[in-house]
Amino acid sequence: MLFSSELAPAEDVWLDSHLCGALQGTQQGLPSLALYVCKSSKNASKVGQRTMSSSVKSFKDQKYHQLKQQCIKQRQLFEDPEFPASDESLFYNRFPPGRVEWKRPKELCDDPCLFVNGISAHDLHQGKLGNCWFVAACSCLALWENLWQKVIPCFKEQEWDSKRPQKYAGIFHFQFWYFGEWTDVVIDDRLPTINGELIYCHSNVKNEFWSALLEKAYAKLAGSYEALDGGTAADAIIDFTGAVAESIDLVKGKYSENISEQMKLFEELQKVHKRGGLISCSITSSSPNDTEVETEMGLIIGHAYSVTAVQKVHLGERLLFSFKSEKLFMIRMRNPWGKKEWNGAWSDQSEEWKKVSDSERKSLGLIVQNDGEFWMAFEDWCKNFTDVDVCRIVNTSYFSIHKTWEKKMVCGAWTKHSEPLKNRSGGCFDYRATFLQNPQYVFDVKKAEDKVLISLQQQDQRIYKKDGKGDNFPIGFEIFKVELNREYRIHKLQIQERVATSLYINTRTVFLRKLLTQGRYVLIPTTYRPGIITAFILRLFTDVPSKLRELKLDKPKLTCWSTLCGYPRIVTQIKIHSAEGLQQQDRSGAMGLTQSYSVGADPYLIIKCENQKVRSAIQKDTVHAIFDTQAVFYRKNMERSIIVQVWNSNVFCDQFLGQVLLAALPSDPREQQTLQLRGKGGREADEMPGHITVKVVSSDDLMEL
């Protein structure tokens, strides 16, 4: 959900981006999606003290350690020329809410600290800026030591040291996963204040400054503080962790009505939370007038909440050897304002808590005070909230007991060109004339079935808000099942099957989970309308390597070698839908002589064209096989037929079940046809049991297909 301009009351989310180098004593920086969880707090502390990895990019080419040493040597405090202490760093379209003074923490208290008694989700309070989404994301981040230590690197080195004040240089740095790269952002410690009070995000402890400094670094990345006015918690969580974000519409999914789906969602959120994922939720506003309006139950409309626990709570006393205690599905949240809580069932002082033992309440950390954190029954949560952002830390590390995903990431762009073959901004599928001019990416699914996770993220548009732009473009993507051997761009959708479509929405990231069958696929990322220019990153997660890559060529290259050996004259697409009525096989794989010893075959296809060969997957135990196998060939010799053979897979020796020969000329019919299987030889070879259903399309225009 996108939040706009909500202000705090005036009274006031699968691990591997850096592995701990336990064996080598070093750290390998990998630009991927998660963080290795250190096995002890001692190891975690070592991670926090590490030096910046060489794989981390310096924002604005500012190198923290060099700048700090220069300041110490010159005995002066750092002043950031790239994000100066002036109004231009605050606003671009409005006036400050009062006379702003930029003050260093030492001017606001006697003993400033980065952290006071560690870091907690309770540390943060939203200031006079509509960035509850950012504060909610920070609250989520604070729950996981292994994650926040990546965002706040070398935190002990950055802490104020009263014993060595000469080492303090007024400079800090934070790291964000910025458009696919870990990026180090340097800031000075001058913070905007009015009447000696911090204007924006601050801690509930006056001398703790990690949240205010982190917010400043994030504002610098976005171009100004005002650029943070309106956003989604998922965006900030992705920037903190490199997570993969999925948005779930609780209303459209009817989670408040469908108990079965409600329980599935609870189990999924609980699993995500236990594995270090970050979750936020909100209530969509139906009009600008109800943004920030408080409901009768104490919830704020158009406001982001961080989810801090997803848990099954035991009711009554639990006996030592009793396994029958009743459990209630519960969820805990925090309001970034640090106040304004749910006042319904299971609120802090509700009667329902009497059903829970003292020990259970203690283990839950129940605090009866207006601190912005509260519990709800999951059923009530599904009824009252409308949207949830689930940010998974996708596990790509092989050093894990959990499922390991194979990840592939590519960077691309929608670009505009007057020549159709060079244009890469064709709009969505509704714009059929230009749709295939978009970037095209091919990948393989190697298993019989594989769950695929896809994340498409456009370039952050907030940096353009100063220019009167800055809104996200509606984006999405389409997936087509294509020929098993396709290596060139699609120019017309003839036999390709459209198997998946993402949502088209004006969020920075679009996500899709899809179960795909074995084969080759082309993914086409698009903006909704043609002619939009911006960059994007595409991330694909599969169980086995997918070989995701961009299709850049329109047809085979004309080279010196092809001039000597011949260049393709026609292109042919072929799709074999099925092979039916095949000869049954006995248990040894030979053709069955008696029904009592006969079983179905295990057929597969081999498609031969000139010197190329394409083989389909095996269909198990059937004489009526559905293949839907596709191939494409760029042919030099029009006189040589395409051969489609059917074979039976066997342990010792595969059996030939028949074949058909296809002339596949441009003048041949393009309709689907059923052909009799024959033996090896010419077109007049003996008939064999069975027939295949096939569609063939040929063209002498190599870019027609």
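Structural remarks
- Cβ-Cβ distances below 7 Å connect the following pairs, each with a first residue in the stretch 616-630 that is hydroxyl-bearing (Ser, Thr, Tyr), a second residue that is at pLDDT below 95 and not in a strand (DSSP E or B), and a separation of six or more residues or different chains: 622/600; 622/601.
- Test: residue in the stretch 71-82 that is modelled with pLDDT under 50 and over 19 Å from residue 226 (Cβ atoms): no
- Criterion: in contact with a strand residue (DSSP E or B) (Cβ under 8 Å, 6 or more places away or on another chain) and farther than 30 Å from residue 305 by Cβ - qualifying residue of 444, 467: 444
- Criterion (modelled with pLDDT of 90 or more, in contact with a Lys or Arg (Cβ under 9 Å, 6 or more places away or on another chain) and not in a helix (DSSP H, G or I)) met by exactly one of 445, 388: 445
- Candidate set from the stretch 342-352 (those that are at pLDDT 90 or above and not hydrophobic (A, V, I, L, M, F, W, C)); member that is nearest to residue 125 (Cα to Cα): 343
- Residue count for the stretch 51-110 satisfying the condition of being over 29 Å from residue 466 (Cβ atoms), surrounded by fewer than 16 Cβ atoms within 10 Å (Cβ to Cβ) and of a type in the set (S, T, N, Q): 7.
- Only listed residue being buried (at least 19 other Cβ atoms within 10 Å of the Cβ) and of a type outside the set (Val, Ile, Thr), chosen from 458, 494, 518: 458
- Residue within the stretch 484-493 that is assigned to a strand (DSSP E or B) and either of a type in the set (A, V, I, L, M, F, W, C) or farther than 19 Å from residue 702 by Cα (or both) present: no
- Residue satisfying all of: in the stretch 231-284; among the aliphatic types (A, V, I, L, M) and in a loop (DSSP other than H, G, I, E, B); farthest from residue 511 (Cα to Cα) among these: 283
- Selected residue (criterion: nearest to residue 555 (Cα to Cα)) from residues of the stretch 468-503 that are hydrophobic (A, V, I, L, M, F, W, C) and either outside the structural domain of residue 533 (by TED's automatic domain parsing) or at pLDDT below 95 (or both): 493
- Among all positions in the stretch 504-523, there is at least one residue which is modelled with pLDDT under 95, part of a strand (DSSP E or B), under 17 Å from residue 414 (Cβ atoms) and touching a Gly at 6+ places or on another chain (Cβ under 8 Å).
Table: residues versus (1) modelled with pLDDT of 85 or more; (2) assigned to a loop (DSSP other than H, G, I, E, B); (3) in contact with a helix residue (DSSP H, G or I) (Cβ under 8 Å, 6 or more places away or on another chain).
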residue: 340; (1), (2), (3): yes, yes, no
residue: 375; (1), (2), (3): yes, no, yes
residue: 381; (1), (2), (3): yes, no, no
residue: 395; (1), (2), (3): no, yes, no
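- Of all residues in the stretch 530-572 being under 23 Å from residue 664 (Cβ atoms), among the hydrophobic types (A, V, I, L, M, F, W, C) and part of a strand (DSSP E or B), the one that is nearest to the chain's Cα centre (by Cα): 571
- Test for residue 330: is it within 30 Å of residue 513 (Cβ to Cβ) and either surrounded by 15 or more Cβ atoms within 10 Å (Cβ to Cβ) or touching a helix residue (DSSP H, G or I) at 6+ places or on another chain (Cβ under 8 Å) (or both): yes
- Restricted to helices (runs of 4 or more DSSP H) entirely inside the stretch 126-168, those with at least 2 residues that are surrounded by 22 or more Cβ atoms within 10 Å (Cβ to Cβ) are 132-141, 145-151.
- Of all residue pairs spaced 6 or more apart or on separate chains, those with beta-carbon atoms under 9 Å, a first member in the stretch 409-438 that is among the charged types (D, E, K, R) and a second member that is modelled with pLDDT under 95 are 432/493.
- Some residue of the stretch 543-557 being in the same structural domain as residue 430 (by TED's automatic domain parsing), closer than 27 Å to residue 249 by Cβ and surrounded by 17 or more Cβ atoms within 10 Å (Cβ to Cβ): no
- Residue in the stretch 201-221 that is at positive phi and either at pLDDT below 95 or in a helix (DSSP H, G or I) (or both) present: no
The values are calculated or read from the model by the stated rules, or taken from the named source; none is laboratory data. Not measured: the values here are computed from a predicted model. FYI the Cβ positions are ideal-geometry reconstructions off the backbone, even for glycines, and counts take in every protein chain you see.
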